[in-house]
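A short worksheet on the structure shown next.
The values are calculated or read from the model by the stated rules, or taken from the named source; none is laboratory data. These numbers were taken from a predicted model, which means no experiment stands behind them. When we count neighbours, we look across all protein chains shown, and the Cβ atoms used for this are built from the backbone with ideal geometry, even at glycine. For the accessible areas, the whole protein counts, side chains as well, though only heavy atoms, and no ligand, DNA or RNA atoms are used. Shrake-Rupley method; radii C 1.70, N 1.55, O 1.52, S 1.80 Å.
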Amino acid sequence: MQAIDTLRYPIGDFVYGQSFSVDDTNRHIAIIAALPHKLAELVSEWEDDRLDTPYRPGGWTVRQLVHHMADSHINAYVRTKLALTEPHPTISPYEEGEWAKLPDAKLAIAPSLAILKNLHLRWVTVLEALSEAELQRTYYHPGSQRTFLLAEVIALYAWHSEHHYQHAYRLAERNGWV
């Protein structure tokens, strides 16, 4: 992998279409559960100069990453609940790059850290209660033109959690902040 790809995908890209055991899913849920505390421990005391540093050339700033994680995980939580309460719903995609340009992406990160903490409490409560049959519930994503099983969604957001955490962590490591 070239240097810029390593900066962009520090843990590699997510591989779609895999099957996941219940044990895999439980590990993925644990990663999702751990993100809010782990992320807050890393970035909550950072000053604006660090928060406004892009994690890679041409990439988002850490501030934008934190707000993006809150936005993305809100959407994932809602999509999870839709899949559990409706037969194969079509979800509404959103333009994450455009969301990252909206005025709230310039706010302090404390509101998004609080959202992640409380959202993950609720989301993980739902995820931990899923039966094997419920892990096979689906939704359709018209943007990617794919059907997603909840087990795959959980794996994707475990990856997403660590993917963006590593953006911030490795930036901090490169700059001697940790």
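Annotation: amide H of TRP60 within the under-5 Å range of TYR55, sequence separation 5 or more or interchain, hydrogens built in the peptide plane. The Rg/Rh ratio for the chain is 0.96, where Rg is the radius of gyration of the alpha carbons and Rh is the Kirkwood radius. Length gained on full extension, ASP5 to ILE74: 22.1 nm, using 0.36 nm per residue less the C-alpha separation.
Fully extending the segment from HIS88 to ALA34, taken as 0.36 nm per residue of separation minus the present Cα-Cα distance, adds 16.6 nm. Mean silhouette area of the range 1-70, derived from the convex hull of its C-alpha atoms and averaged over all directions, reads 6.1 nm². Computed from Cα positions, the angle between helix 150-174 and the longest principal axis of the chain comes to roughly 10 degrees.
In the range 63-178, Cα pairs under 8 Å separated by at least six residues give a relative contact order of 33 percent. Between helix 22-43 and the chain there is an angle of about 30 degrees, using the helix long axis and the longest principal axis of the Cα atoms. Against the chain, whose longest principal axis is taken from its Cα atoms, helix 62-85 shows a tilt of about 10°.
Look at the alpha carbon pairs under 8 Å that are at least 6 residues apart: their mean separation over the length of the range 14-118 gives a relative contact order of 33 percent. To put it simply, the accessible area of the chain at a 1.4 Å probe is 53 percent carbon and sulfur. Heavy-atom accessible surface of the range 1-138, averaged per residue, reaches 57 Å², computed with a 1.4 Å probe.
Within the range 128-177, the ratio Rg/Rh, alpha carbon atoms throughout and Rh by Kirkwood, equals 1.21.
Annotation: for a label point projected 7 angstrom from Cα along Cα→Cβ of SER131, residues of the range 1-31 with backbone N closer than 20 Å are 20-26. Taking a straight Cα-Cα cut-off under 18 Å and skipping sequence neighbours fewer than 8 places away in the same chain, the aspartates and glutamates within cross-link reach of LYS81 are ASP71, GLU128, GLU132, GLU134, GLU152.
The smallest convex shape that holds all Cα atoms of the range 76-178, its convex hull, gives 132 Å³ per residue.
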